[in-house]
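The values are calculated or read from the model by the stated rules, or taken from the named source; none is laboratory data. Everything quoted here is computed from the prediction, not taken from an experiment. Counting neighbours? That spans all protein chains shown, and the Cβs are built from the backbone with ideal geometry, glycine included. In case anyone asks, the SASA skips ligands and DNA or RNA and just uses the protein heavy atoms, side chains included. Shrake-Rupley method; radii C 1.70, N 1.55, O 1.52, S 1.80 Å.
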Amino acid sequence: MSVKGFNLIGQAEVAGSNPALWGIAAATGERLEPGFGGATLDDLDRACALAREAFNPYRETSLETRARFLERIAENILELGDTLVERCMAETGLPRARVEGERGRTMGQLRLFASVVREGSFQDARIDRAMPERTPLPRADLRLRNIPLGPVAVFGASNFPLAFSVAGGDSASALAAGCPVVVKAHSAHPGTSELVGQAVQRAVRECELPEGVFSLLFDSGREIAQALVADPRIKAVGFTGSRVGGVALMNIAAARPEPIPVYAEMSSINPVVLLPGALQERGAQIGQAFVSSLALGAGQFCTNPGLVIAVDGEGLQNFIRSASEALGKVAAQTMLTPGIYRSYCHGVHSLESNARVQPLAKGLAGGINQGQAALFMVAAEDFLDDYRLREEVFGSSSLVVRCANIVQVRQVIDVLEGQLTAALHLSPSDHRAARALIADLELKVGRILINGFGTGVEVAHAMVHGGPFPATSDSRTTSVGSLAIERFLRPVSYQDLPQALLPPALQDSNPEGIARRVEGQMVL
Ligand code: NAP
């Protein structure tokens with residue numbers, strides 16, 4: 001397989017006739033061939049029509065067929081070998097080890113969802129049998145299962161070109177749920193997108209599924225992306241990216257004659273709270289670990305620690321000294337796109353030009369498109385007073401908020417918007433304060449962690465990568481981990497259906513052998 005510059009619509013390779021877009025080499029700013037002709041509204045119409053047509057046959061496939069399909073996608077991605085790895089490295093500036101690691105994670109996610117499909121409990125099958133003799137009123141036979149929502153539009157992330165893009169977490173969970181997927185490729189990695197798209201397209205063919213289960217479109221402007229969300233055949237949206245972009249798509253989805261859910265993961269500054277006992281015990285050590293997390297991947301992680309909240313004192317001074325020293329040695333790193341680099345520089349400049357903010361340290365300067373790490377400090381009163389200081393600076397920049405006491409720490413937490421993660425650094429002497437802070441943080445974040453940093457998101461059953469707005473558009477769910485499948489399902493109740501008309505999950509014989517809740521009790 002090779003990069004050809006085509007939209008993938010069902011099984012067809014289509015040269016888009018709208019203006020072309022090109023991949024850009026992150027390290028040099030040069031164009032990478034070939035150009036990708038932008039999809040037209042007719043192309044979009046075809047992709048959505050095929051997805052609608054595929055929906056019923058696809059959702060009726062056996063659990064085993066669907067699981068095998070997800071595994072096949074993983075195998076096909078691996079078969080792309082160095083063609084994929086090298087194109088992805090060129091388009092994103094990410095090093096080989098990171099790209100290969102991310103490929104492994106992408107395959108792991110697809111396999112996780114295959115196991116979720118085989119296991120079957122995502123259908124949440126429930127059976128309450130009829131009680132014809134019940135008085136004063138008989139009870140009908142009631143059975144419930146989850147069904148997929150319908151075709152899903154997926155917008156991949158710039159910062160996870162494999163694990164949160166064409167065959168990433170959103171696509172894997174939607175396909176696992178039984179939803180066809182139409183992906184709008186991220187313009188930051190079009191070649192990577194096409195290669196992975198070819199791997200999915202081939203898996204559709206190999207598993208003899210209806211062709212509309214998967215399509216991939218390139219958009220040279222905003223028209224196709226917006227029309228995709230507005231299309232009546234699309235029933236949900238998965239998105240990872242900026243707050244502005246996510247909110248624009250949420251507004252389009254809400255204004256449709258039939259509004260649909262948008263699962264957007266957007267902006268988070270991931271507060272790290274340093275408690276006095278921990279600072280006293282190991283302030284310098286925490287400072288070093290913090291800088292490692294801050295600088296990881298040029299800080300281009302949604303869980304990057306962009307805010308540190310701590311009580312002033314000798315421990316905090318030790319933290320600042322060691323973090324500043326470590327940060328001063330951090331080499332500048334190539335950022336994903338010139339746009340993300342510019343927006344990072346703008347964010348750092350805003351902090352530098354804010355008279356209330358004290359610069360603490362800068363990393364080493366770099367070349368084209370290379371972000372220079374930065375650390376700042378502000379007094380809690382000033383932080384509370386200036387909402388601009390709570391905005392995400394996507395990259396390796398962080399702000400330390402110096403508090404007088406724990407009461408002020410809680411005030412600072414109180415003004416924060418919704419976040420993906422919060423980390424608490426503590427020692428046993430901090431447990432009392434931590435208990436109150438955990439209760440505060442539960443209301444703000446999707447994941448609370450102790451003595452660590454939020455970067456590094458395990459793909460697991462108990463993971464939540466979500467949180468209140470603007471971390472995400474819907475705090476009731478997650479975009480990472482097996483629970484993500486629930487975003488694309490809805491419950492249907494069946495009353496008094498004869499066995500022959502019930503779906504397999506609800507038949508008395510339980511042909512799929514899945515766990516079910518019968519009369520309120522789980523039956524394995
Ligand atoms: P983005 O600009 O929001 O783009 C994400 C996707 O949405 C892309 O496919 C983009 O299309 C599309 N899009 C954006 N705005 C749109 C609109 N108004 N109408 C239709 N489609 C739209 O995000 P990004 O390029 O990945 O990153 C930019 C910024 O997002 C970063 O600087 C950072 O602040 C933030 N970010 C946050 C996270 C996080 O997880 N918190 C992750 C990544 C990025 P195009 O490809 O055509 O632009």
Quiz item: Which one of these is in the same structural domain as residue 32 (by TED's automatic domain parsing), within 10 Å of the ligand (Cβ to nearest atom) and either hydrophobic (A, V, I, L, M, F, W, C) or without any contact (Cβ under 8 Å) to a residue 24 or more places away in the chain (or both): 218, 214?
Solution: 218
Exercise. Could you grab me the full set of residues in segment 25-42 that are buried (at least 21 other Cβ atoms within 10 Å of the Cβ) and modelled with pLDDT of 95 or more?
Key: 36, 38, 39
Quiz item: Hey, any hits in segment 166-183 for a residue that's within 15 Å of the ligand (Cβ to nearest atom) and either open to solvent by 10 Å² or more (accessible area, probe 1.4 Å) or free of Cβ contacts under 8 Å to residues at least 12 places away in the same chain (or both)?
Solution: no
Quiz item: Going by the structure shown, is residue 137 touching a strand residue (DSSP E or B) at 6+ places or on another chain (Cβ under 7 Å) and either closer than 21 Å to residue 485 by Cα or surrounded by fewer than 24 Cβ atoms within 10 Å (Cβ to Cβ) (or both)?
Solution: no
Exercise. Output the number of the condition that residue 117 fails; it satisfies all remaining conditions of (1) part of a helix (DSSP H, G or I); (2) more than 23 Å from residue 481 (Cα to Cα); (3) open to solvent by less than 20 Å² (accessible area, probe 1.4 Å).
Key: (2)
Exercise. Mind listing whichever residues of segment 43-94 are closer than 21 Å to residue 505 by Cα, open to solvent by 10 Å² or more (accessible area, probe 1.4 Å) and either touching a residue at least 24 places away in the same chain (Cβ under 8 Å) or of a type in the set (S, T, N, Q) (or both)?
Key: 55, 56, 57, 59, 61, 62, 63, 64, 65, 66, 68
Practice problem: Assess whether residue 238 counts as being at pLDDT 95 or above, buried (at least 24 other Cβ atoms within 10 Å of the Cβ) and on the phi < 0 side of the Ramachandran plot. | Solution: yes
Practice problem: Hey, could you check segment 141-187 for residues that are assigned to a loop (DSSP other than H, G, I, E, B) and among the polar types (S, T, N, Q) and say which is farthest from residue 228 (Cα to Cα)? | Solution: 159
Exercise. Pick out the one residue from 360, 316, 336 that is touching a helix residue (DSSP H, G or I) at 6+ places or on another chain (Cβ under 8 Å) and closer than 26 Å to residue 160 by Cβ.
Key: 336
Quiz item: Would a scan of segment 276-286 turn up a residue that is more than 20 Å from the chain's Cα centre (by Cα), away from the ligand (no atom under 15 Å from the Cβ) and of a type in the set (Asp, Glu)?
Solution: yes
Quiz item: Restricting to helices (runs of 4 or more DSSP H) lying wholly in segment 239-348: which have 3 or more residues that are under 25 Å from residue 471 (Cα atoms) and not assigned by TED's automatic domain parsing to the domain that holds residue 376?
Solution: 243-255
Quiz item: Restricting the search to segment 142-165, which residues are under 14 Å from the mean Cα position of the chain (by Cα) and either of a type outside the set (A, V, I, L, M, F, W, C) or away from the ligand (no atom under 16 Å from the Cβ) (or both)?
Solution: 156, 158, 159, 161, 165
Quiz item: Looking at (1) open to solvent by 30 Å² or more (accessible area, probe 1.4 Å); (2) in a loop (DSSP other than H, G, I, E, B); (3) touching a Leu at 6+ places or on another chain (Cβ under 9 Å); (4) at pLDDT 95 or above, can you tell me which one residue 475 breaks?
Solution: (3)
Quiz item: Are there any pairs with C-beta distances below 6 angstrom linking a residue in segment 389-409 that is under 21 Å from residue 304 (Cα atoms) and more than 15 Å from the ligand (Cβ to nearest atom) to a residue that is charged (D, E, K, R) and in a strand (DSSP E or B), with the two at least 6 apart or on different chains, and if so which?
Solution: none
Practice problem: Tell me which residues, restricted to segment 307-358, are within 16 Å of the ligand (Cβ to nearest atom), of a type in the set (Gly, Ala, Ser) and open to solvent by 30 Å² or more (accessible area, probe 1.4 Å). | Solution: 339, 343, 350
Exercise. Pull up segment 189-211, narrow it to residues that are in a loop (DSSP other than H, G, I, E, B) and surrounded by fewer than 24 Cβ atoms within 10 Å (Cβ to Cβ), then point me to the one that is farthest from the ligand (Cβ to nearest atom).
Key: 208
Quiz item: Does residue 412 fit the bill of being surrounded by 12 or more Cβ atoms within 10 Å (Cβ to Cβ), touching a residue at least 60 places away in the same chain (Cβ under 8 Å), closer than 30 Å to residue 286 by Cα and not basic (Lys, Arg)?
Solution: yes
Quiz item: Of all the residues that make up segment 267-287, how many are aliphatic (A, V, I, L, M) and either open to solvent by 10 Å² or more (accessible area, probe 1.4 Å) or closer than 15 Å to residue 454 by Cβ (or both)?
Solution: 6
Quiz item: Based on what the data block shows, is residue 295 among the aliphatic types (A, V, I, L, M), within 9 Å of the ligand (Cβ to nearest atom) and on the phi < 0 side of the Ramachandran plot?
Solution: no
Quiz item: In segment 9-23, how many are under 25 Å from the mean Cα position of the chain (by Cα) and open to solvent by 60 Å² or more (accessible area, probe 1.4 Å)?
Solution: 1
Practice problem: Could you please find all residues in segment 241-259 being within 21 Å of the chain's Cα centre (by Cα) and either within 10 Å of the ligand (Cβ to nearest atom) or open to solvent by less than 20 Å² (accessible area, probe 1.4 Å) (or both)? | Solution: 241, 242, 243, 244, 245, 246, 247, 248, 249, 251, 252, 253
